[in-house]
1. Quick test for you: out of Ser60, Ser72, pick the one residue that is crowded, with 16+ Cβ neighbours inside 10 Å and free of Cβ contacts under 8 Å to residues at least 40 places away in the same chain.
2. Out of Ala163, Ala240, Ala167, I need the residue that is assigned to a loop (DSSP other than H, G, I, E, B), within 30 Å of Ser66 (Cα to Cα), among the aliphatic types (A, V, I, L, M) and within 17 Å of the chain's Cα centre (by Cα). Which one?
3. Picking from Phe146, Phe138, which residue would you name as being of a type in the set (A, V, I, L, M, F, W, C) and in a helix (DSSP H, G or I)?
4. Scan the range 80-96 for residues that are assigned to a helix (DSSP H, G or I) and surrounded by 16 or more Cβ atoms within 10 Å (Cβ to Cβ) and jot them down.
5. Could you check Val128 against (1) within 13 Å of the chain's Cα centre (by Cα); (2) assigned to a strand (DSSP E or B) and say which number it fails?
6. Could you check Phe180 against (1) within 26 Å of Lys10 (Cβ to Cβ); (2) at pLDDT 95 or above and say which number it fails?
7. Name the residue, out of Ser140, Ser192, that is among the hydroxyl-bearing types (Ser, Thr, Tyr), within 30 Å of Gly83 (Cβ to Cβ) and modelled with pLDDT under 95.
8. Could you tell me whether the range 243-263 includes any residue that is at pLDDT 95 or above and buried (at least 16 other Cβ atoms within 10 Å of the Cβ)?
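The values are calculated or read from the model by the stated rules, or taken from the named source; none is laboratory data. Everything numeric in this text was worked out from a predicted model, so none of it was measured. Backbone-built Cβ (ideal geometry, glycine too); neighbour counts: all protein chains shown.
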Amino acid sequence: MEIHISVLSKLGGRERNEDACGYWSDGGPICCVLSDGAGGHGGGDVASRIAVETVLRQFSVAPGCSPGMVFSLIDQANRDVIGQQGNSNDTADMRATLVVLVFNPNTLEAVWGHIGDSRLYCFRSGFVVNRTKDHSLFQSMVDAGFADPERLRGNPERSVLIASLGADDGFQPDVISSPFALQEGDAFLMCSDGFWEYVTEAAMEAALQRVGSPEEWLAAMEQLVIDSGRPGQDNYSAVAVWVGPMDFSTRIFSRSVGAKAAGA
């Protein structure tokens, strides 16, 4: 099965980019990764770079596609970030988010995991069928019934993380419990909060349904970020993955078909 990947990472209105992302492929299992240096902590750019480099290095040594492997990749990234925290005053308390997505094109499976508020979206038949849940104060308030999920974007408390890389205590990433069975036409989007803040799920779906490549999909969504952004806005990064041939007819459809796939 074909896998097509496109990567985007921009400064936004900041002086330096604290996001990092990339992927590794060698004809077998594939690994995509994205990390965002947590705001308010020095050395965020160092932490995100360490996280991405660790994941890709570890995966390249022994490629695979299992929940245990994804947890191990995130755990090692956390250990490496912690191991570098004492190297300077700037990195003493550095933190980062992390999203990891691995594929096995031969068994037609995918596994993902994350920590923090960088997200992964899974699309089937052109619509969102899965999304990671932020490890943030505002999300915990939503889960407890004390906040409206519709107010999450743009809310200052959404950036207060309750879990991230770089912490000795409370390290508990979320990893799906079993591999996700892939179908041709599936798509994935991994993105930092500087990206999803300005691109709603409906806008992601609309863009996916009118473009012909993952590069065009990212470009269409980036324009929304640019149009809606403000002076000094955060860095924004995304990784787009399309499964199967780049044929528009494999991805479009109707809301009823998308809903059926979501419950399959």
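1. Ser72
2. Exactly one residue qualifies, and that residue is Ala163.
3. Exactly one of Phe146, Phe138 is of a type in the set (A, V, I, L, M, F, W, C) and in a helix (DSSP H, G or I), namely Phe138.
4. Of everything in the range 80-96, those that are assigned to a helix (DSSP H, G or I) and surrounded by 16 or more Cβ atoms within 10 Å (Cβ to Cβ) turn out to be Asp80, Val81, Ile82, Gln85, Thr91.
5. Going through the list (1) within 13 Å of the chain's Cα centre (by Cα); (2) assigned to a strand (DSSP E or B), Val128 breaks only (1).
6. Exception for Phe180: condition (1).
7. Testing whether each residue is among the hydroxyl-bearing types (Ser, Thr, Tyr), within 30 Å of Gly83 (Cβ to Cβ) and modelled with pLDDT under 95 leaves just Ser140.
8. yes
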